[in-house]
Each structure stands twice: as C-alpha cells, then as structure tokens.
1. What value in Å³ per residue do you get for the convex hull of the alpha-carbon atoms in segment 11-75?
2. Need the list of aspartates and glutamates near Lys218 for cross-linking: C-alpha distance under 15 angstrom, and skip anything on the same chain fewer than eight residues off.
3. Here are several values of Kirkwood radius over Cα pairs in Å: (i) 18.4; (ii) 23.0; (iii) 17.8. Which one was derived from the coordinates shown?
4. Averaged per residue, what accessible area in Å² does segment 1-134 show with a 1.4 Å probe, protein chains only?
5. Per the Debye formula with a single identical scatterer at each Cα and no solvent contribution, what log10 I(q)/I(0) holds for segment 31-107 at q = 0.21 Å⁻¹?
6. What is the dipole size for the chain, taken about its Cα centre, with +1 at each Lys and Arg Cβ and -1 at each Asp and Glu Cβ, in debye to the nearest 20?
7. Looking at the P(r) of segment 139-217, how many percent of alpha-carbon pairs lie beyond 19 Å?
8. Which pairs in the list Lys87/Lys175; Lys48/Lys177; Lys57/Lys177 are over 24 Å apart, alpha-carbon to alpha-carbon?
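The values are calculated or read from the model by the stated rules, or taken from the named source; none is laboratory data. Quick caveat, the model's predicted, so the values are computed rather than measured. We place every Cβ from the backbone using ideal geometry, glycine too, and count neighbours over all the protein chains shown. The protein model used for the area step is the full one, side chains on, heavy atoms only, and it has no ligands, DNA or RNA in it. Shrake-Rupley method; radii C 1.70, N 1.55, O 1.52, S 1.80 Å.
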Amino acid sequence: MNKLVLYSGGLDSTVLLRKVARENFHVNVQALSIFYGQKHAKEREFAKWQCANLGIKLYEADLSAVFSFNPNVSALLQGSEMDIAHKSYAEQLADLGGSGTVTAYVPYRNGLFLSYAAAVALQLECDEIFYGAHADDAAGYAYPDCTEEFIAAQAEAISTGTAGKVQLTAPWWNKNKAAIVAYGLQIGMSEEQFAHTWSCYEGQEEPCGSCGTCIDRKAAFEANGILDIL
C-alpha cells in the first residue's frame, strides 16, 4: 500500500518525508502540500525541490478559501493585520501566563488538513498518513492541534471514518526540533537537503532570523553542534 506524507516544505516535515521514503525504499510514497493562504508560501518551492530530489509525487491543494472569512484570526495569514511575533515560543508562552495559543496559530488548521488528507489517502490507495507535529509546538497549547490529545483523537477519527483503511502516524509527537535535526543527520541528510527547507513565518525572500520558528530552528541546529543551515 501507498504512504501519504502531509508535507509543507518545512524542516520537520522534510525530515519526516525522508524518513518515510527511506523506510519504504523510496517507492509507494506520496506527498500532499496544502496552500491555506499562509504568508510564507515560499515553503512550497522547497516542497517541490525535495520531492523532485527524492523522486516522490507531490500533490498540491488550495484550501485558502476556508480562512478567507477573517484573516485576522492568525498572524500567519495573508491580509492579517496581526504581526508575526519576534520572540521565542517560550517568551510568547510566558506572556500568556504559561499556556495559550500563540498569534501564529491558525484555527483548527491541522484538523482541516488531516481530514482532507484522509479523503485523498483513500483515493490514492494509501493506508497510512504521516503527520509531522512535534512536542515543541504542543508545549503550553501554543498550537493545540499539535498536542498528543489532538493526535490521538484524529487518529481514531481517521481510522473510524475510513472503515479502518487509513491510519495516522505522527512519529515526532514526543520529540523536539533538536531531536528531529539529529534524526536527519543520522540518516545522512546533506547540507543542501537541509538548506532546501523553509521555516520563517515572515514571508520574505530571506529568513528574518527572529520569529519563533527561526529562533527554534537555529537552536535545534546549535543543539546538534552545527550552525543553522539555510
């Protein structure tokens, strides 16, 4: 059976894509990239590069209409009047009293993505969906649709809703970004392959270096004894 990776072109999902490709001998693996009106749509260019590099079929979908009713619900959406926070997630959570959604949270985005992916998976005869949520994003409910509870509920819903034909796997749920970089290094990802991932939320041609994801990315590489690869 085929495997479907929910894939953004970011660091976490790229390491996941390469993990799944490696474990399946680079066959029967497909990727699904979703545009939802995000400012950092540049990540999609990197998704295309990675899939071409791996010889994996990339399917693209546009779900931006779902978030067109009020772009001010998230700083991540094009047209939003909210600013991207230039603080670490730890600092953002501290500002929230230790728990709460950050301004970059897009309401129920991952629930929407996974529901869509389940429908696509059945059409493509995939028996497993891979999802790259990790522990750093789940911390303090900064992104509640990355939490262990959310993943478990979605896994049950997808299995039930597809009559057991499709299962959800989220191997990073209890790992931080540093551990994900470490795994990428372990499986032999090259500097070029790491460099063709996008993390910054600002939507510019070059990473800002100071938004939450840029800070986390830099720290993850430094935790592995290397400078950030951009």
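1. Value for segment 11-75: 87 Å³ per residue.
2. Asp12, Asp136, Glu191, Glu206, Asp228
3. (iii)
4. Computed with neighbouring chains in place, this is 43 Å² per residue.
5. For the requested q values the scattering log ratios are -0.94.
6. In total the dipole reaches around 480 debye.
7. 56
8. Violating the 24 Å limit, Cα to Cα: Lys57/Lys177.
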